[in-house]
């Protein structure tokens, strides 16, 4: 995948995943998270999504919930963006939070 197209896809995934989490995923009310960045595999079949929160425990809890809902999130991404292969999101705690 070309560099400019890859960066545009990463930017689109960041925006759409953030919106899906905000609107369609049931997270506890007191959990405030941020999608920091998205990294794609070489073939763009997997997307690693970095999540941060004010407290490390909140980020870990959110990652567990989001990884269970990753199939649903992939399905919603497929409805929102028109690409041949929709990347499967895998959520991880952003390294900045783990300090």
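Just so it is clear, none of the values below were taken in a lab; they were calculated from the coordinates. Because the structure is predicted, anything quoted here is derived from the model rather than measured. Here the Cβ is made from the backbone with ideal geometry for all residues, glycine too, and neighbour counts use every protein chain on show.
Summary table below
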read-out: The range 40-87, residues that are assigned to a strand (DSSP E or B) and more than 15 Å from residue 10 (Cβ to Cβ); value: 51, 52, 53
read-out: The range 37-52, subset surrounded by 17 or more Cβ atoms within 10 Å (Cβ to Cβ) and more than 16 Å from residue 83 (Cβ to Cβ), residue nearest to the chain's Cα centre (by Cα); value: 49
